[in-house]
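Okay, so here's the structure we're looking at.
FYI, it's all coordinate maths here, none of it is from the lab. Quick caveat: nothing in here was measured; it's all calculated off a predicted structure. Cβ placement follows ideal geometry from the backbone for every residue including glycine, while neighbour counts extend to all protein chains displayed.
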Amino acid sequence: QVHMVESGGGSVQAGGSLTLSCAASGGTFSSANMGWFRQAPGKEREFVANISWHYTTNYADTVKGRFTISRDNTKNTVHLRMNSLKPEDTAVYYCAATFRGAYAPALVASYDYWGQGTQVTVSS
């Protein structure tokens with residue numbers, strides 16, 4: 001069983017930055033495809049970014065150029081650096097993991113393990 005814990009959320013003003021971290025345990029992290037998703041109140045959970053076990057990355061169009069996903073296999077951790085934050089980035093952010101597939105997927109249903117989420121609030 002894989003256990004993941006997110007950290008680094010908080011409240012910032014528009015234009016600010018935050019770095020989220022997700023620490024994983026219980027699996028072979030270096031073999032996992034990892035993703036970040038977010039869910040705003042009243043909305044569906046949506047894809048933000050992912051990174052495959054071989055470091056291929058993908059981003060949602062809404063965050064491309066502002067967010068950067070990275071992983072540190074020595075610490076079993078995946079990070080999401082968020083710059084130029086906007087009020088519409090306000091959401092609970094979740095990390096997710098799957099050991100299936102050659103590439104990290106962008107669909108919620110494709111992930112098998114989830115963290116508990118961390119709140120990000122961006123004020124204007």
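Assorted remarks:
- Filtered residue count, the range 29-54, keeping only those that are aromatic (Phe, Trp, Tyr), out of contact with any Leu (no Cβ under 9 Å at 6 or more places or on another chain) and either under 28 Å from GLN13 (Cβ atoms) or part of a loop (DSSP other than H, G, I, E, B) (or both): 2
- Some residue of the range 77-84 being over 19 Å from VAL120 (Cα atoms), surrounded by fewer than 18 Cβ atoms within 10 Å (Cβ to Cβ) and out of contact with any Gly (no Cβ under 7 Å at 6 or more places or on another chain): no
- Among the candidates TYR94, TYR59, the residue that is closer than 26 Å to GLY16 by Cα, hydroxyl-bearing (Ser, Thr, Tyr) and free of Cβ contacts under 8 Å to residues at least 12 places away in the same chain is uniquely TYR59.
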